[in-house]
Amino acid sequence: MQDNTNAVALTGGASLQPQNAAAAISMSREAAEVITQMQIAKAFPRNTILALDKIKMACSRTRLAEAAIYTYTRGGTEVTGPSIRLAEAIAQNWGNMAFCVREIEQKNNGSVCEAFAVDYETNTRVTKTFFVSHIRHTKKGDYLVTDPRDIYEMVANNGARRVRACILAVVPGDIVEEAIEECKKTIEASVGEAITPEGKSKTA
């Protein structure tokens, strides 16, 4: 089986309505790439058992397991869930998928952005469009961010949550739950090893 998962980097995109020949060519190329990916997915469908085994194997890595669950308090209640790092690992090993966050255009001191995840095998796509203000709020006052690198980071940070939501909406829920459980087992095993005499000798 051939895995066909593309983790697409943050890119500056043309407007949804092409304004020039270059934008039209870019959109045509993207459409052709989607068709190609769908054809590959049809020719090499995922083996769900093998894909799940690969996801579990990824979750057996301590570094990933430790970063797999986010936790924060809202209104006195603890909120937890799979992190973007876990979502990415699931998508990469589930196969025949692509996920992306990209800037579509800049206007009104902000960026219009799009995050999506697509399963080429099931033809399932979830897209979220959002606006990222270039105004940064500090204790000393607000100011407009103009450095392209700073804007890139703002879009990437805001887009991560949307990409995670898109991936989790595309991948079957039971697969995500198994990944979370595997990460918990990995952390428990790591903690157990650390408190054994052998574990202490390794960390001494």
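Please treat every number below as a calculation from the coordinates, not as lab data. Predicted, not measured: the structure shown is a model, and the values here were computed from it. Cβ placement follows ideal geometry from the backbone for every residue including glycine, while neighbour counts extend to all protein chains displayed.
Some values worked out for this structure:
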read-out: Paired Rg and Dmax values of region 16-98, which use every Cα atom, in angstrom; value: 18.8, 53
read-out: Point-to-point label distance, Ala24-Ile175, nm (Cα→Cβ direction, 7 Å offset); value: 3.8 nm
read-out: DSSP beta bridge pairing in region 6-196, given as percent antiparallel to the nearest 5; value: 90 percent
read-out: Sites Met38 and Ala67 - FRET efficiency at Förster radius 35 Å, r taken between beta-carbons, to 0.05; value: 0.65
read-out: Placed amide H near Glu105: partners under 5 Å, 5+ positions off or other chain; value: Val112
read-out: For region 39-54, 3J(HN,Hα) per residue [Karplus equation, 6.51 cos²θ - 1.76 cosθ + 1.60, θ = phi - 60°, Hz, x = Gly/Pro]; value: 5, 5, 4, 5, 6, 10, x, 5, 8, 4, 5, 5, 4, 5, 4, 5
read-out: In nm, spacing of pseudo-spin labels at Glu188 and Glu105 (7 Å Cα→C-beta vector); value: 5.3 nm
